[in-house]
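A quick write-up on the structure given underneath.
The values are calculated or read from the model by the stated rules, or taken from the named source; none is laboratory data. Quick caveat: nothing in here was measured; it's all calculated off a predicted structure. No Cβ is skipped: glycine too gets one built from the backbone with ideal geometry, and neighbour counts run over all protein chains shown. For accessibility, only protein heavy atoms count, side chains too; no ligands or nucleic acids. Shrake-Rupley method; radii C 1.70, N 1.55, O 1.52, S 1.80 Å.
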Amino acid sequence: MSDGQTVVLRPLAEADEAQATAAEQELAEDGFEFLPERGDDEAWPAFVARIRSQERGEGLPPGYVPATFRVAEVDGRIIGRVSIRHELNDHLRRFGGHIGYGVRPAWRRHGYASEMLRRALAFCAELGIEPALVTCDDANTASIGVIENCGGVLHDRGVGPDGDITRRYWVPTTIWPA
């Protein structure tokens, strides 16, 4: 990373509400959901508890798989997040993959996305996933670069549910230290 700051991936906490809500608002402008499916009327502590229970595979809505949600933090500031799906269903196999990630606009172009993806890949290796499927929009040149710099090999392109072209990459997980 260009500025030498360390990225920490950690669970979402009740103390994160203000920063996470700000990140949700910032990334919504890009069409990215920072807080996965948080209802407008869902209390923050309940949301945090739900995210943690989904990691254990508890209370999953139909069609969902166990997933680990981590915020990426640098010097006490939330700069992004990763979602690591423990398995693939048909939809994730075609469009979502094992890992989803996003970086807040102010922290882009500093190498944080690559570091976040590397750490998520190492986590996938701990889950026994090898290789991991990572997807991105065909027009998202930044994500294409991140995925390819982390060893991603393009598998194919297809039309996603939003009508955009989705790229699917297989990325090795066991080459990244935990």
Tell me which residues, restricted to region 34-66, are under 20 Å from residue 24 (Cβ atoms) and charged (D, E, K, R).
37, 38, 40, 41, 42, 50, 52, 55
Which one of 176, 170 is more than 19 Å from residue 37 (Cβ to Cβ), surrounded by fewer than 21 Cβ atoms within 10 Å (Cβ to Cβ), out of contact with any Asp or Glu (no Cβ under 9 Å at 6 or more places or on another chain) and at pLDDT below 95?
176
Looking at this structure, is residue 111 without any contact (Cβ under 8 Å) to a residue 40 or more places away in the chain, open to solvent by 20 Å² or more (accessible area, probe 1.4 Å) and either touching a Cys at 6+ places or on another chain (Cβ under 6 Å) or not hydrophobic (A, V, I, L, M, F, W, C) (or both)?
no
Between a first residue in region 118-132 that is part of a loop (DSSP other than H, G, I, E, B) and a second residue that is of a type in the set (A, V, I, L, M) and buried (at least 21 other Cβ atoms within 10 Å of the Cβ), which pairs have beta carbons less than 6 Å apart while being 6 or more apart in sequence or on different chains?
131/171
Checking residue 119 against (1) within 14 Å of the chain's Cα centre (by Cα); (2) open to solvent by less than 80 Å² (accessible area, probe 1.4 Å); (3) not hydroxyl-bearing (Ser, Thr, Tyr), which single condition isn't satisfied?
(2)
Which numbered condition in (1) assigned to a loop (DSSP other than H, G, I, E, B); (2) open to solvent by less than 50 Å² (accessible area, probe 1.4 Å) is the only one that residue 51 fails?
(1)
Condition check for residue 40: modelled with pLDDT under 95 and either part of a helix (DSSP H, G or I) or open to solvent by 80 Å² or more (accessible area, probe 1.4 Å) (or both):
yes
Pull out all pairs, ordered by first then second residue, where Cβ-Cβ is under 8 Å, the residues are six or more apart or on different chains, the first lies in region 26-43 and is over 22 Å from residue 60 (Cβ atoms), and the second is part of a loop (DSSP other than H, G, I, E, B) and basic (Lys, Arg).
26/104; 27/104
Lone qualifier among 58, 73 - being open to solvent by 20 Å² or more (accessible area, probe 1.4 Å), out of contact with any Lys or Arg (no Cβ under 8 Å at 6 or more places or on another chain) and of a type in the set (Asp, Glu):
58
Members of region 55-80 found to be free of Cβ contacts under 8 Å to residues at least 60 places away in the same chain, touching a strand residue (DSSP E or B) at 6+ places or on another chain (Cβ under 6 Å) and not hydroxyl-bearing (Ser, Thr, Tyr), listed by number:
55, 65, 67, 69, 80
Residue within region 77-96 that is open to solvent by 20 Å² or more (accessible area, probe 1.4 Å), at pLDDT 95 or above, more than 23 Å from residue 20 (Cβ to Cβ) and more than 16 Å from the chain's Cα centre (by Cα) present
yes
